[in-house]
Amino acid sequence: MTSPSYVFVIDVICGIAGAMVIAPLVLYLSRPWTARRDNLFSILGEETLMQYYKRFHPESKPIQREVKAIFRRDFNRNYGRRHYLFPIALLALLTGVTAVAAAQTLMASQQIGSHPYKLPWIVLSALAGGFTWVINDLIGRFRRHDFTVSDIYISVFRVLIAAPFGWAFAELVKRADIGVPLAFLLGAFPTGTLLLIARRLAGRKLGVSENPGPGSLEIAELQSMTKANAERFFDEGISAAVQLAYADPVDLTIRTNFDFNYVIDCVSQALLWIYLPLPNSIASNLEDRTKRLAKCPLRGAQEAANLVDDLGKGKPEAIGTLNDIAAALAMSPASLQTTLEQVAHDPYTRFIRKTWR
């Protein structure tokens, strides 16, 4: 293969690698992001939005006939696509510079052209590992339609730390023959794993213990709440049920990129949870508490309010259900009914019921 052919192949490979970093972001913002936004707009009608502003933005006093237009304006101002532009520009800049530097380094290694600058192999290897993780993460997020502005900043951060981390770890092993492959392999680790390894190595060298992680999260005990989803809420400052119960569901939907209905369901469960303090013999065990609640025909605050409505109508099946739940939770029927009425009258429960309809 002649030198011009080498140049062409190197340029094409580096160009495609760079395009694979940016393409998932552009494709997501072109259609999936718009579809998610429009779906949210379709769920929130005028009455729901009036309740939303009353609960979460009482300083705004929109007129009902104008509330949809006001919400669209507020949404675009706070969460619009323009918030993605700066982190994407940063990522594109880093990608372009790295792609050019990688191409020049590869050409210099083949003695092609007259490029005076080339990266050390260990740096190039670490950057390649970092971009391997970034591309894999971005493609996975595009498939799930799961991009937030913070996720793009994390990708930028991942590229920035790839070279110093790869070099540092290679220096620790003091083995020149494995330094380059080690830098690549470490670069391909997830950011959290890489930082965890760094903390453990540094702690071992300095004789200090690493900071503990979030540990067991209370919200992880809710129904349909996976560990990954609980950690996603934790990343947004939500770890306790009471925080989730009174969080702004629209804001939480955008920041976590969860489906709005899923967020509402989690909020509904958290609302019911905080109103049902079980006896110490039961509440001391979160798993046991969750199992007992799961056996009851009460998923969340919305179902509790529906049961209160049926009790008010004197439906015999509702009375039987109340007695069954009271027995499962070791409460008297009268105490349980009082508690459920408090749940039903909570303003946030009213908002959830209005939204769900």
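The values are calculated or read from the model by the stated rules, or taken from the named source; none is laboratory data. Since this is a predicted model, take the numbers as computed values, not measurements. We place every Cβ from the backbone using ideal geometry, glycine too, and count neighbours over all the protein chains shown.
Please work out if Ile139 is modelled with pLDDT of 80 or more and either hydroxyl-bearing (Ser, Thr, Tyr) or in contact with a Ser or Thr (Cβ under 9 Å, 6 or more places away or on another chain) (or both).
For Ile139, the condition - modelled with pLDDT of 80 or more and either hydroxyl-bearing (Ser, Thr, Tyr) or in contact with a Ser or Thr (Cβ under 9 Å, 6 or more places away or on another chain) (or both) - is not met.
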Among helices (runs of 4 or more DSSP H) entirely within segment 1-60, at least 2 residues that are in the same structural domain as Ile135 (by TED's automatic domain parsing), within 21 Å of Ile264 (Cα to Cα) and over 22 Å from the mean Cα position of the chain (by Cα) occur in 46-56
Just to check your reading of the model, which residue among Ala103, Ala17, Ala23 is surrounded by 15 or more Cβ atoms within 10 Å (Cβ to Cβ) and at pLDDT below 90?
Ala103
Filter segment 217-232 down to the residues that are in contact (Cβ under 8 Å) with a residue 24 or more places away in the chain and on the phi < 0 side of the Ramachandran plot, then identify the one that is surrounded by the fewest Cβ atoms within 10 Å (Cβ to Cβ).
Gln223
Does Leu85 satisfy the condition of being of a type in the set (A, V, I, L, M), outside any helix (DSSP H, G or I) and surrounded by fewer than 19 Cβ atoms within 10 Å (Cβ to Cβ)?
no
Is it the case, given these coordinates, that Ile112 is over 26 Å from the mean Cα position of the chain (by Cα), outside any helix (DSSP H, G or I) and surrounded by fewer than 20 Cβ atoms within 10 Å (Cβ to Cβ)?
yes
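Conditions (1) charged (D, E, K, R); (2) within 30 Å of Tyr348 (Cα to Cα), marked per residue:
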site: Ala17; (1), (2): no, no
site: Leu25; (1), (2): no, no
site: Ala35; (1), (2): no, yes
site: Leu49; (1), (2): no, yes
site: Tyr52; (1), (2): no, yes
site: Ile63; (1), (2): no, yes
site: Glu66; (1), (2): yes, yes
site: Arg77; (1), (2): yes, yes
Go through segment 328-354 and report how many residues are crowded, with 19+ Cβ neighbours inside 10 Å and of a type in the set (Asp, Glu).
1
Selection status of Ile122, in a helix (DSSP H, G or I), more than 23 Å from the chain's Cα centre (by Cα) and either assigned by TED's automatic domain parsing to the domain that holds Leu27 or at pLDDT below 90 (or both):
yes
Restricting segment 162-179 to residues that are crowded, with 18+ Cβ neighbours inside 10 Å and among the aliphatic types (A, V, I, L, M), the residue that is modelled with the lowest pLDDT
Ala170
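Of all helices (runs of 4 or more DSSP H) completely enclosed by segment 215-324, which ones contain at least 2 residues that are in contact with a Pro (Cβ under 7 Å, 6 or more places away or on another chain) and at pLDDT 90 or above?
Helices (runs of 4 or more DSSP H) meeting the threshold: 260-275.
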